[in-house]
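The values are calculated or read from the model by the stated rules, or taken from the named source; none is laboratory data. Values in this document were obtained by computation on a predicted structure and should not be read as measured data. Using ideal geometry, Cβ is built from the backbone for each residue, glycine included, and neighbour counts are taken over all protein chains shown. SASA here: full protein model, heavy atoms, side chains in, ligands and nucleic acids out. Shrake-Rupley method; radii C 1.70, N 1.55, O 1.52, S 1.80 Å.
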Amino acid sequence: LLDEDTNALLRDAGLVHILSISGLHTALSVLLVLAMLRRAGLGARGLLVAGGALLLAFAAFVGHGASVWRACASLGVGLLARVFSRDVDPLAALAVSAALLVLAVPTLAFSAGFLLSVVATAGLVAAHPGVASGGRRPSALSRSLAASSGAYLATAPLLAALFGRLAPAA
């Protein structure tokens with residue numbers, strides 16, 4: 001709904017993605033409801049069923065974007081892992097969900113939005129600073145910088161190849 005000049009400015013600055021429905025929106029929306037259901041006493045199987053329904057409803061509501069499907073599939077893999085009492089490794093959940101989505105819809109393998117979503121998420125997760133020796137958690141600033149830097153560095157080659165531009169200030 002933006003005018004073309006504003007859209008061009010955001011695109012040139014590398015910031016147009018902040019207007020998109022993303023995996024963060026998906027996770028926040030769905031996980032908030034799932035947390036309330038868990039507090040109400042719903043078990044892992046009930047959360048899987050409710051979560052699956054919520055994920056499908058959310059994706060239908062916001063319009064089926066590649067990043068939304070990637071986030072929904074990753075959350076679905078995480079919910080399924082919980083049913084089997086397995087820990088959820090974020091990179092493994094991302095890899096399984098991306099593979100399942102490409103198997104279901106092979107054209108996603110050639111979708112710039114899907115590729116950027118998967119690669120940015122992988123960079124964000126891989127760059128997350130671990131707990132330092134002595135049990136100190138990294139500061140909010142260092143976690144934020146690591147996430148942004150990881151996502152940017154992971155997507156930079158793809159952005160350059162697909163669009164012929166990079167915006168390090170973004």
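List of remarks:
- Residue within the range 116-123 that is under 30 Å from residue 9 (Cα atoms) and open to solvent by 40 Å² or more (accessible area, probe 1.4 Å) present: yes
- Considering residues of the range 61-89 that are of a type in the set (A, V, I, L, M, F, W, C) and under 17 Å from residue 151 (Cα atoms) only, the residue most open to solvent (accessible area, probe 1.4 Å): 66
- Options 146, 154, 92: the member that is buried (at least 20 other Cβ atoms within 10 Å of the Cβ) and either in contact (Cβ under 8 Å) with a residue 24 or more places away in the chain or assigned to a helix (DSSP H, G or I) (or both): 154
- When residue 56 is tested against (1) of a type in the set (A, V, I, L, M); (2) buried (at least 16 other Cβ atoms within 10 Å of the Cβ); (3) touching a residue at least 12 places away in the same chain (Cβ under 8 Å), just one condition goes unmet, and that condition is (2).
- One residue stands out in the range 29-44 among those that are among the hydrophobic types (A, V, I, L, M, F, W, C) and surrounded by 12 or more Cβ atoms within 10 Å (Cβ to Cβ): the one that is farthest from the chain's Cα centre (by Cα), namely 42.
- Of all residues making up the range 100-115, the number that are open to solvent by less than 50 Å² (accessible area, probe 1.4 Å) and not aromatic (Phe, Trp, Tyr): 7
- Against the list (1) open to solvent by less than 70 Å² (accessible area, probe 1.4 Å); (2) over 20 Å from residue 26 (Cα atoms); (3) assigned to a helix (DSSP H, G or I), the condition residue 141 fails is (1).
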